[in-house]
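I have placed the structure first, in the form of structure tokens, so that the comments after it can refer back to it.
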Amino acid sequence: MSENETPSTAPPDAAIPREMPEPSGSPAQSPRPGPAANPAPARPLHGGRTFTPRRGRVTDAQRRALERLWTTWGLEVDGSRLDLRALFDTLPPDAPIVLEIGFGMGEATARMAADDPATGILAVDVHTPGHGHLLRLAERNGSTNLRIANGDALVLLREMLEPDSLDGLRLYFPDPWPKKRHHKRRIVQPEFLDLAAGPLVSGALFELATDWEPYAEHMLEVLDAHPDYVNTAPDGGYAPGQGSRAPTRFEGQGLRKGHRVHDLRFRRR
Ligand SMILES: C[S@@+](CC[C@H](N)C(=O)[O-])C[C@H]1O[C@@H](n2cnc3c(N)ncnc32)[C@H](O)[C@@H]1O
């Protein structure tokens, strides 16, 4: 897999086919220092992980970035409590802090961090090449408002974040798990929404996007049914425009296949 390929966490028979070949050849060597090869095991929330654990092949450039930058900008999802204010200590104490779940290769995350330096972005994924790639982009942009977490976002939400500590949540193009028998692995479920409601402050914006129509309908349905979230769309449907989102790699692949993208924006009550 080259540096420019997109991660696919879902097994081939479970994910929408994309231009995302599985890693080939020998397993990646573990960069030291760098993110742990196997993120902390998560107690499945709703019938399985939302991703397939795998490390992916790390390019030399990504490995160098991980070795150089991970100890400064990276953190492990290890279940220990996280003081977000201390983590973003270069920002003013009242700066908004948002969590992005599943940044993939990180191009959109790097863009959003550069475009909005006053907001702290904690970006979490399990994909090591993506960690390295995002570190490189952030360094190139001189962004200091970005921290990168390695591991399962569900553990991060459930065990590490304090109540009322997040001003926003971003979930762009989560794995769609299109087959019916895999639907329980989709991250957007009532239990996930329960978990996210803890760290989100009242009024926080929860932004989602997907190019998989049935998943978009599912998102709308479970969010509408959840008492802690309210739709910001005037007609109670999909949100107009992209909100805070920069165009993502997965989105581009979907658009090239003729998929329609749906954005959703809900507020934490
Ligand atoms: C389909 S990709 C989309 C990546 C990116 N947002 C984009 O639009 O290009 C989904 C990403 O979510 C990550 N992911 C899935 N479940 C996760 C979880 N529970 N915790 C952290 N990352 C997760 C995967 O590793 C993968 O990188």
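Where a number appears in this text, it was derived from the coordinates with a stated rule and is not lab data. The structure displayed is predicted, hence computed values, not measured ones. Backbone-built Cβ (ideal geometry, glycine too); neighbour counts: all protein chains shown.
The alpha-carbon atoms of segment 65-105, seen along their principal axes, cover 30, 23, 22 angstrom, with the largest extent given first. Computed from label points 7 Å out along Cα-Cβ, the spacing between residue 191 and residue 95 is 3.5 nm.
When each pair of different Cα atoms in segment 60-268 is counted once in the 1/r mean, what is the Kirkwood radius in angstroms, to one decimal?
17.3
Kirkwood hydrodynamic radius of segment 147-269, from the reciprocal of the average inverse Cα-Cα distance over all distinct pairs: 15.0 Å.
Roughly speaking, what is the stretch gain from residue 183 to residue 202, that is 0.36 nm per residue apart minus the C-alpha to C-alpha distance, in nm to one decimal?
Gain on stretching residue 183 to residue 202: 3.9 nm.
Per residue, the average separation of C-alpha pairs within less than 8 Å and at least 6 apart gives segment 141-223 a relative contact order of 39 percent. Relative to the compact-globule estimate of 2.2 N^0.38 Å, the Cα radius of gyration of segment 104-202 comes out at 1.14.
Under 19 Å from a point placed 7 Å out from the Cα of residue 267 along the Cα-to-Cβ direction: which residues of segment 159-174 have their backbone N that close? Of the residues in segment 159-174, 164-171 have backbone N under 19 Å from the label point off residue 267. Taking amide H atoms as placed 1.01 Å from N in the peptide plane, the amide H of residue 173 lies under 5 Å from those of 209, 210, each 5 or more residues away in sequence or on another chain.
In sequence order, segment 63-71 has phi-based couplings of 4, 5, 5, 5, 5, 7, 10, 4, 5 Hz under the Karplus curve 6.51 cos²θ - 1.76 cosθ + 1.60, θ = phi - 60°, and Gly or Pro positions carry x. In percent, rounded to a whole number, the relative contact order of segment 60-268 is 21, using alpha-carbon pairs under 8 Å and six or more apart.
Of the peptides 239-252, 131-144, how do they stack up when ordered by the mean number of other Cβ atoms within 10 Å, highest first?
Result, highest mean Cβ count within 10 Å first: 131-144, 239-252.
Cross-link partners of residue 184 among aspartates and glutamates, defined as those whose alpha carbon lies under 18 angstrom from its own and excluding same-chain residues fewer than eight positions apart: 13, 152, 175, 194, 213, 217, 221. Other residues within the sphere of radius under 10 Å centred on the Cβ of residue 151, judged by their own Cβ, net out at -4 (K and R +1, D and E -1).
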